[in-house]
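Peer 1: First the structure, which I've put down as structure tokens, then a few questions once you've had a look.
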Amino acid sequence: MAHCAQAAFFVVATWPVWAYPSFSKPVKILVTGGAGFIGSHTVVELAAAGYTPVIVDNFQNSERSVLQGLERIMGRPVICYEADCADTSELEHILQREGNIAGVIHFAADKAVGESVQHPLKYYRNNIGSTVAVLEAMQAHDVHNFVFSSSCTVYGEPEQLPVTEQSPVQPAASPYGNTKQVCEEIIRDVVGSGARLKALSLRYFNPIGAHPSAEIGELPLGVPANLVPFITQTAAGIRQQLSVFGHDYPTADGTCIRDYIHVVDLAQAHVRALEVLAGQPAEHSYDFVNIGTGAGASVLQVINTFEQATGVKVNYRLTDRRPGDVVQIYASVEKSKRLLGWQTQLSLEQALVDAWRWQQRLQGR
Ligand code: NAD
Ligand code: WQD
């Protein structure tokens with residue numbers, strides 16, 4: 001049975017060591033928050049690309065059973081440390097013990113916008129504290145490649161669409177959003193200080209969906225704040241009714257528009273990002289790039305696509321606007337194509353089918 005090593009001292013050996021497959025690329029990548037929604041899918045894609053992912057997670061927003069799902073998909077053991085990424089010394093123990101870590105993908109953070117307004121210090125401590133600790137540990141152990149989970153939230157309500165990376169970063173609408181902006185600045189400053197660091201911030205748009213195997217997916221705690229988990233829970237009868245927040249926006253059908261990206265596509269972008277960093281001759285570099293599909297979908301379009309793709313009706317009603325929502329945002333994908341040689345492969349329909357399959361799997365547990 002999969003389990004996670006407590007603190008930073010023991011490697012998980014869910015399979016005997018002799019059973020470890022030989023990788024074509026025996027390169028280890030530290031994945032903080034690797035048991036979470038996006039992290040777990042990235043672990044799968046890293047392994048598929050021949051890397052050895054090493055997860056660090058304290059399971060504050062994920063379940064240990066994710067590790068078993070990962071092992072079933074990957075057909076190989078998962079290396080995982082249960083540790084707090086805001087603790088530099090724990091991270092240093094892990095880097096020391098593993099040795100040879102070629103890069104870090106840093107997902108670990110709190111991510112609930114509303115909660116961040118209620119509890120800003122929790123967000124500043126965890127999100128900024130973790131980023132600082134991870135960078136400190138990397139410096140101490142000569143790890144130079146860093147991929148950071150940023151967000152399209154840094155653009156606020158963009159003046160032009162699709163939103164390019166030249167669009168100004170707007171004053172953050174929440175402490176959560178502010179942590180992403182501050183972390184991007186911290187990374188830029190560390191690179192600017194002359195430290196040996198090659199870093200890339202990926203500004204995700206709206207990640208949705210699940211692995212097509214339905215072994216891993218999103219695990220919203222309590223009532224989901226995000227649209228797609230609310231749709232799948234309503235379709236499953238867990239929630240009585242979905243509220244569509246606002247129907248008088250200046251869009252074709254009056255509902256807000258977002259760029260919904262399949263989490264498997266997003267995961268693959270991380271693998272590309274690492275490869276691009278590794279191939280860069282520069283010792284100090286920092287850049288940021290949008291990670292989206294390039295296409296927007298309205299709330300009603302998402303609901304209709306879900307119903308058509310799954311054959312399941314969603315009980316919804318049109319309600320008042322949700323304070324703080326931007327009207328519409330979707331990514332310019334020119335830079336991600338140019339810089340990463342990457343673009344999305346999977347459709348909104350596929351993402352919704354996979355999200356629904358995952359919801360049904362959760363029901364059966
Ligand atoms: P998630 O909550 O599913 O995953 C985060 C993981 O990090 C969880 O497993 C959690 O237990 C772990 N974690 C949190 N703090 C930790 C700490 N101090 N030490 C160790 N582990 C810790 O979230 P997600 O949706 O996978 O998001 C991953 C990253 O992507 C976050 O940085 C988030 O801000 C960013 N992001 C997410 C979205 C989105 O809509 N999901 C959009 C843009 C950016
Ligand atoms: C999408 C659309 C809602 C729920 C959030 C964070 C952002 C980023 C991604 C991390 C909006 C509407 C939603 C519901 C609805 N995360 N909606 N009924 O707001 O684009 O972004 O997640 O960085 O920072 O703010 O995503 O899924 O909450 O909403 O009508 O019950 O669905 O109004 O138009 P959002 P979302």
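The values are calculated or read from the model by the stated rules, or taken from the named source; none is laboratory data. Being a predicted model, the structure only gives us computed values, none of them experimental. Ideal geometry is used to build each Cβ from the backbone, glycine not excepted, and the neighbour counts take in all protein chains shown. Protein only, heavy atoms only, side chains kept; ligands, DNA and RNA dropped before computing areas. Shrake-Rupley method; radii C 1.70, N 1.55, O 1.52, S 1.80 Å.
Peer 1: Any chance you could count how many residues in region 182-213 are within 15 Å of ligand 2 (Cβ to nearest atom), open to solvent by 30 Å² or more (accessible area, probe 1.4 Å) and not polar (S, T, N, Q)?
Peer 2: Looking only at that region, the number is 2.
Let's see how each residue does on (1) more than 16 Å from ligand 1 (Cβ to nearest atom); (2) in a loop (DSSP other than H, G, I, E, B):
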site: 270; (1), (2): no, no
site: 275; (1), (2): yes, no
site: 300; (1), (2): yes, no
site: 307; (1), (2): yes, no
site: 314; (1), (2): yes, yes
site: 317; (1), (2): yes, no
site: 325; (1), (2): no, yes
site: 346; (1), (2): yes, yes
site: 349; (1), (2): yes, no
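Peer 1: Looking only at region 18-47, which residues are away from ligand 1 (no atom under 15 Å from the Cβ) and either hydrophobic (A, V, I, L, M, F, W, C) or modelled with pLDDT of 95 or more (or both)? First the steps, then the outcome.
Peer 2: Taking region 18-47 and keeping what is away from ligand 1 (no atom under 15 Å from the Cβ), we get 18-29, 47.
Listed by number, the residues that qualify are 18, 19, 23, 27, 28, 29, 47.
Peer 1: What is the residue count in region 121-180 for residues that are part of a loop (DSSP other than H, G, I, E, B) and of a type outside the set (S, T, N, Q)?
Peer 2: 16
Peer 1: Please count how many residues of region 222-239 are surrounded by 22 or more Cβ atoms within 10 Å (Cβ to Cβ), of a type outside the set (A, V, I, L, M, F, W, C) and within 13 Å of ligand 1 (Cβ to nearest atom).
Peer 2: Total satisfying the criteria: 1.
Rundown of residues vs (1) exposed (fewer than 15 other Cβ atoms within 10 Å of the Cβ); (2) acidic (Asp, Glu); (3) at pLDDT 95 or above; (4) more than 26 Å from residue 78 (Cβ to Cβ), yes/no style:
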residue	(1), (2), (3), (4)
215	no, yes, yes, no
220	no, no, no, no
260	no, no, yes, yes
278	yes, no, no, no
282	yes, no, no, yes
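Peer 1: All but one of (1) surrounded by fewer than 22 Cβ atoms within 10 Å (Cβ to Cβ); (2) part of a helix (DSSP H, G or I); (3) touching a residue at least 24 places away in the same chain (Cβ under 8 Å) hold for residue 91; which doesn't?
Peer 2: Going through the list (1) surrounded by fewer than 22 Cβ atoms within 10 Å (Cβ to Cβ); (2) part of a helix (DSSP H, G or I); (3) touching a residue at least 24 places away in the same chain (Cβ under 8 Å), residue 91 breaks only (1).
Peer 1: Give the residue that is nearest to residue 157 (Cα to Cα), with candidates limited to residues of region 205-237 that are without any contact (Cβ under 8 Å) to a residue 40 or more places away in the chain and assigned to a loop (DSSP other than H, G, I, E, B). Before the answer, list the steps.
Peer 2: Taking region 205-237 first, the residues without any contact (Cβ under 8 Å) to a residue 40 or more places away in the chain are 220, 222-224, 226, 230, 237.
Of the ones still in play, those that are also assigned to a loop (DSSP other than H, G, I, E, B) are 220, 222-224, 226, 237.
Working: 220: 26, 222: 28, 223: 26, 224: 23, 226: 18, 237: 34 Å.
Ranking the qualifying residues of region 205-237, first place goes to 226.
Peer 1: Within region 327-339, which residues are near ligand 2 (Cβ under 10 Å from one of its atoms) and not in a loop (DSSP other than H, G, I, E, B)?
Peer 2: Within region 327-339, the subset near ligand 2 (Cβ under 10 Å from one of its atoms) is 327-329.
Scanning region 327-339 gives a single hit, 328.
Peer 1: Name every residue in region 115-127 that is within 13 Å of ligand 1 (Cβ to nearest atom) and either open to solvent by 50 Å² or more (accessible area, probe 1.4 Å) or farther than 21 Å from residue 57 by Cβ (or both), in order of residue number. Spell out how you get there, then give the answer.
Peer 2: Just the residues of region 115-127 that are within 13 Å of ligand 1 (Cβ to nearest atom), to begin with: 115-116, 122-127.
Residues satisfying the conditions are 115, 122, 124, 125.
Peer 1: Oh, and also: Which ones in region 48-57 are outside any loop (DSSP other than H, G, I, E, B) and either among the β-branched types (Val, Ile, Thr) or more than 6 Å from ligand 1 (Cβ to nearest atom) (or both)? Write out each step before concluding.
Peer 2: Keep residues of region 48-57 that are outside any loop (DSSP other than H, G, I, E, B), which gives 48, 51-57.
Those that are outside any loop (DSSP other than H, G, I, E, B) and either among the β-branched types (Val, Ile, Thr) or more than 6 Å from ligand 1 (Cβ to nearest atom) (or both): 48, 51, 52, 53, 54, 55, 56.
Peer 1: Hey, among 102, 86, which residue is open to solvent by 30 Å² or more (accessible area, probe 1.4 Å), assigned to a strand (DSSP E or B) and at negative phi?
Peer 2: Working: 86 fails: assigned to a strand (DSSP E or B).
Exactly one of 102, 86 is open to solvent by 30 Å² or more (accessible area, probe 1.4 Å), assigned to a strand (DSSP E or B) and at negative phi, namely 102.
Peer 1: Specify the residue that is farthest from residue 251 (Cα to Cα); the eligible residues are those in region 145-181 that are buried (at least 22 other Cβ atoms within 10 Å of the Cβ) and more than 16 Å from ligand 2 (Cβ to nearest atom).
Peer 2: Selected residue: 145.
Peer 1: Going through region 58-73 one residue at a time, which ones are near ligand 1 (Cβ under 10 Å from one of its atoms) and of a type in the set (Asp, Glu)?
Peer 2: Hit for region 58-73 is 63, nothing else.
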